Amino acid sequence: MTPLELRGERVLLRPLELEELDVLHAPHEGLIEPPSDDLEALDRLRRRIESSGRFCDGRLDLGIEAGGELIGSIEARHPPAALPPGVFELGITLFATHDRGCGYGTEATRLLTEHLFAALGAERVQASTDVENTAMRRVFEKLGFAEEGVMRGFMPAGDGRADYVLYGVTKAEWGG
């Protein structure tokens with residue numbers, strides 16, 4: 001099976017490369033789980049990179065490239081027995097703050113959501129973000145995702161647990 005590449009106007013979603021392990025493992029603002037020196041965590045990341053570009057073990061990992069540079073990563077998850085059939089969850093990280101606000105996250109989210117509906121049989125795509133992350137919330141709203149509610153105390157944070165807002169869009173609603 002040929003690894004997936006999705007090309008937009010300004011971004012390319014493409015398989016990650018093992019040479020990018022250090023970049024992917026480095027601390028980045030906004031990461032839910034900071035990188036650890038744990039060899040098991042590093043091995044899990046290495047396996048994700050090796051299978052990226054293919055839907056494997058309930059996930060599809062892709063790098064976000066702009067101007068020939070890896071600027072982030074995006075993933076679609078459908079863990080077996082964790083989500084109903086046809087439901088996928090997105091996760092996205094942009095590495096550098098100068099890449100935020102340029103539309104790269106919006107385009108990457110649109111490209112992957114379109115692919116999930118068109119090629120992987122998605123009936124619903126959902127994503128969540130910290131209630132304070134207004135930029136990501138605007139991305140979801142701009143793309144037609146509906147705010148569905150706040151998950152209180154959802155994500156471990158430095159000073160306790162953060163509230164996250166859940167967004168979703170169905171295949172019937174998707175306009176891209």
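Every number here is computed from the coordinates shown, using simple stated rules; none is lab data. What you see is a predicted model, and the numbers here were worked out from it, not measured in a lab. Please note: Cβ atoms are built from the backbone with ideal geometry, for glycine as well, and neighbour counts cover all protein chains shown.
Selection of strands (runs of 3 or more DSSP E) fully inside segment 118-176 by the criterion of at least 2 residues being of a type in the set (Asp, Glu) and within 21 Å of Arg77 (Cβ to Cβ) returns 146-157.
Quick grid of which residues meet (1) farther than 27 Å from Glu148 by Cα; (2) among the small types (Gly, Ala, Ser):
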{"site": "Gly63", "(1), (2)": "yes, yes"}
{"site": "Leu70", "(1), (2)": "yes, no"}
{"site": "Ser73", "(1), (2)": "no, yes"}
{"site": "Glu89", "(1), (2)": "no, no"}
{"site": "Thr93", "(1), (2)": "no, no"}
{"site": "Cys102", "(1), (2)": "no, no"}
{"site": "Thr113", "(1), (2)": "no, no"}
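Based on what the data block shows, is Leu90 surrounded by 20 or more Cβ atoms within 10 Å (Cβ to Cβ) and of a type outside the set (Lys, Arg)? Answer is yes for this residue.
Do we have any residue at all in segment 66-86 that's of a type outside the set (Lys, Arg) and assigned to a helix (DSSP H, G or I)? Walk me through it before giving the result.
First, the residues of segment 66-86 that are of a type outside the set (Lys, Arg): 66-76, 78-86.
Filter again for assigned to a helix (DSSP H, G or I), leaving none.
Within segment 66-86 (the criterion being of a type outside the set (Lys, Arg) and assigned to a helix (DSSP H, G or I)), the answer is no, since none of the residues qualifies.
When segment 44-81 is filtered for residues that are within 14 Å of the chain's Cα centre (by Cα) and among the charged types (D, E, K, R), the ones remaining, listed by number, are Arg48, Arg59, Asp61, Glu65, Glu75, Arg77.
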